[in-house]
Structure formats: C-alpha cells, structure tokens
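Undergrad: A single structure is presented below for examination.
Just so you know, all these numbers are worked out from the coordinates, no wet-lab data involved. Since we're looking at a predicted model, the values are computed, not measured. Cβ coordinates were reconstructed from backbone atoms using ideal geometry, including for glycine residues, and neighbour counts include every protein chain displayed.
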Amino acid sequence: MTAPTTLRVGVIGTGMIGRDHIRRMTTVLSGLAVVAVADVDPTVAERVAAEAGAVAFPDGLDLIAADSVDAVLVCSWGGTHERYVLAAIAAGKPVFCEKPLATTEKACLRIMAAEVAHGSRLVQVGYMRRYDAAYLAMKQTLESGAIGAPLMMHCAHRNAGVPAFYEPENTITDTAVHEIDMVRWMFGSEIAAVRVLRPRASRNAGDLPDPMLIVLELANGVLVDVEISVNVRYGYDIRGEILGEDGTVSLGDPGLISVRRAGRVATPVPADWRDRFGSTYDVELRAWADSVLGGGVSGGPGTWDGYAAAVVSDAAVRALRTGERIEVTLAERPGLY
C-alpha cells in the first residue's frame, strides 16, 4: 500500500497559535491540508474554517472522530488538552499538542498510561526550542566536546509584556516551561531540584512576581539559572550561554540585521515570539508531518517530556510560593519512551 502524500489535519482551538498554525499549513508547508476546525466559539470556528477551506465541527471530540481527519493539532487552552489528547489516542490518531501536555501531573500520567496501552507513540508536544537553528547549533557544539564538559548554563526569557489574563503562576507554567524542557533536552538529564529567587519587583510588574530567577539543578550536576522577565517593554529577548570546562557557547544576537546610522549602531530586537521563532515553528511542524506520513511519531518531544516539564513546573510553582528548594520526583520512565 502506498503511503499518503498529504496529511489531513484537524485543528482544535483557533486562538493566536491555532490560527498561526493554520496559516503555516495552508500557505507555507506542503503535504498538509487543514480539513477540519473546532473552537469553543462556533462562530469563530465557522469563520476560520471558511478561510481555510475546511469544515467546522461543533466540538473537538467530533473533529477527532471524523473519518476525514488523519491527525490532530490541539491548540485550545491548557485545561482541555487532556480530553482531546486522550480521545486522539483512543482513535489511534497522531496528535500534536501545544504545551502544556496537560495542566496537572495526574492528567499527564493518564495520557502516558493510555499511550503505553496503545503500544506506540502518537503524541508530540509543542516544545519548539528543540527545532530552533541556534539551539541546535549550541547542542551540536556541546556534544562535539569543543567546550569540554558542561558546568552551568545562564538563560534569560524576556517578554515586552503579557496579556491581561496572565496569572502569577504563568511566569513558570507558560513562560519558563520552555527553558525547563530545553535544558532537559540540551543536557540529556532530568531536573532534580528547583529554587526560585525574587529581587524587588519591577515597577511594570503589576500583580506578577516579575522578575524572578529560577535555579535548576540537573541530575548530572549541571546548574542552570533562568531569568524570567515578562514586562521589560523593549522587546522579546531570548538568551542562553553554556559554560564548559574549556570554553563557552552562547546563542547569537537576537537581531537579524545591524544598522549603522548617525554615529550609532542599532540591532532591532524582536517584538514577540513570532518574530524570533516563526521559522522554528515551520521546521517543527514540517518534522512532525513528515514523521506521521512516514508511519509514526518519533524524535520530537513526546508524552514523557510533557509529563516531566509539568512535574518540574509544579515544583517551581511550589518553590515560588514557599521560597524553599523543592526536589523533583518523577515516575518510572516507561520503555516506550
């Protein structure tokens, strides 16, 4: 039997990231067809579906069950992810779930149990840093031994601002979680403990714990500090530097160009995540589609990674609340992962 050349995708959730993925699949990437759309607001679903040439479904579960849908993209709010990912696994359909995999450790464990019972991987989680050219080059340099054994990593994740609905815990569960997954992947080691330190609050912070410094202790002895600043005003600024025994490797400057004018040198700072990581999302979704069309889901961040990130995030939230060092305890890793 000839493998299909086009992946028919159903998208659940048409917020900013959902619409961006639909744009990506309809105008940037080949071999993908958006055939179905669902959203909590049926009016929005109808409008987005019409623009994409797709069919609007009244509920994400109906979309997953449709014979016209080969694979599912879950882009709805985090509290709904467990429901849809479990339904996709039950239907035997590959599912790409934007982070988080689920909002609680128990929900992640239920998803893991369902996937293990299915017997093969169906789930990929949207931790796109793993597909970014700069992070990939950093990891390649680290693994080459050019800077010796890694000792520490310094990270910064700065947002110009965040939406009004952003809650204090989102500084960890929505923002720092990208670094939490990235360092696990970068160093090939689980996170063993976490602390959260807070300087005086920024005048731009409002009710948020902003900024903060998260200290991650990896099981292999590497220490990672992550500065989280979500109201810096000047732009979207992602930084990272690894200190090794014999040298360092760091992410390049965030600007794509440098302008010399009137006696000054200026490097534009990205406005938001779409400016910095837009092409990375293209690579990520392309890799997922190719994997599914090739007969499986492999290589990308999966259910175990989503679970581990959730457990570390929960520990970091407790550390934020208590000011204490919180140890991280993970379940036994199934052989599937």
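Undergrad: Where is the GNM fluctuation largest for the chain (alpha-carbon springs, 10 angstrom cutoff): G302, G18, G145?
TA: In the Gaussian network model the winner is G145.
Undergrad: Suppose each label sits 7 Å from its Cα in the direction of the beta carbon; what would the L61-A113 distance come out to in nanometres?
TA: Roughly 1.9 nm, to one decimal.
Undergrad: Next question, about the same structure. Any idea how far the Cα center of the range 271-331 sits from the one of the range 70-135, in Å?
TA: 10
Undergrad: Have a look at the range 1-150 and give its Rg and Dmax from the Cα atoms, expressed in angstrom.
TA: When restricted to the Cα atoms of the range 1-150, Rg and Dmax are 17.1, 56 Å.
Undergrad: Can you tally the net charge around A56? Count Lys and Arg as +1, Asp and Glu as -1, for every other residue whose Cβ sits under 9 Å from the Cβ of A56.
TA: That sum, taken over residues with Cβ under 9 Å, equals -1.
Undergrad: Separate question: No solvent, one uniform scatterer per C-alpha: report log10 I(q)/I(0) for the range 265-337 via the Debye equation at q = 0.19 1/Å, two decimals.
TA: -0.93
Undergrad: Pop out the ³J(HN,Hα) list for the range 197-207 in order, Karplus 6.51 cos²θ - 1.76 cosθ + 1.60 with θ = phi - 60°, rounded to Hz; leave Gly and Pro as x.
TA: Listing the rounded values in order: 10, 10, x, 5, 6, 5, 5, 8, 6, x, 8 Hz.
Undergrad: Say R0 is 22 Å: what FRET efficiency, to the nearest 0.05, do Y337 and E241 get from their beta-carbon distance?
TA: 0.15
Undergrad: To the nearest 0.05, how large is the calculated FRET efficiency for R325 and S120 if R₀ is 41 Å and r is the Cβ-Cβ distance?
TA: Using R0 = 41 Å, I get an efficiency of 0.60.
Undergrad: To continue, here is another question. Given the options A201, A316, A56, which has the most mean-square fluctuation in a GNM of the chain, springs set between C-alpha atoms less than 10 angstrom apart?
TA: For the chain, modelled as a Gaussian network with Cα springs under 10 Å, the answer is A201.
Undergrad: While we're looking at this one, here's another question. Per 5 Å bin, what percent of the C-alpha pairs of the range 79-176 does each bin hold, from zero upward?
TA: Per 5 Å bin, starting at 0, the Cα pair percentages come out as 2, 10, 16, 16, 14, 14, 16, 9, 3, 0.
Undergrad: Once both axes come from the Cα atoms, what is the angle between helix 81-91 and the longest principal axis of the chain, in degrees from 0 to 90, rounded to 10?
TA: Result, in degrees: 40.
Undergrad: For S189 and S144, calculate 0.36 nm times their separation in residues minus their Cα-Cα distance, and state this gained length in nm to one decimal.
TA: Details: separation 45, 0.36 × 45 = 16.20 nm, distance 1.71 nm.
My answer for the length gained is 14.5 nm.
Undergrad: Something else: Just to verify a number: FRET efficiency for R198 and H154, C-beta to C-beta distance, R0 = 22 Å, to 0.05?
TA: So, using R0 = 22 Å, E works out to roughly 0.80.
Undergrad: Translational diffusion coefficient, Stokes-Einstein: compute it for the range 213-337 using the Kirkwood radius over C-alpha pairs as Rh, at 20 °C and 1.002 mPa s, and state it as an integer in µm² s⁻¹. Don't jump to the answer; show the numbers that get you there.
TA: Details: Rh = 18.6 Å.
Estimated via Stokes-Einstein, D reaches 115 µm²/s.
Undergrad: When Rg is the radius of gyration of the Cα atoms in the range 290-330 and Rh is its Kirkwood radius, what does Rg/Rh come to?
TA: Using Cα coordinates only, the ratio equals 1.27.
Undergrad: While we're on this one: At each listed q (0.24, 0.35 Å⁻¹), what is the log10 of I(q)/I(0) that the Debye formula gives for the range 138-179 modelled as equal alpha-carbon point scatterers?
TA: After summing over all Cα pairs, the log10 values are -0.85, -1.24.
Undergrad: GNM on the chain, C-alpha springs below 10 Å: top fluctuator among E115, E217, E167?
TA: Most flexible of the set in this elastic network: E167.
Undergrad: Over the chain, consider all pairs of different Cα atoms and compute the Kirkwood hydrodynamic radius from their mean reciprocal separation; express it in Å, one decimal.
TA: For the chain, the Kirkwood estimate is 20.9 Å.
Undergrad: In percent, what relative contact order does the chain have, based on Cα pairs under 8 Å that are 6 or more apart in sequence?
TA: Details: 664 pairs, mean separation 64.3, N = 337.
Relative contact order, the chain: 19 percent.
Undergrad: Compute the signed sum of charges (Lys and Arg +1, Asp and Glu -1) over the other residues within less than 12 Å, Cβ to Cβ, of T5.
TA: Result for the neighbourhood of T5: -1.
Undergrad: On full extension of the chain, what length is gained from R264 through A137, given 0.36 nm per residue of separation minus the C-alpha to C-alpha distance?
TA: 42.7 nm
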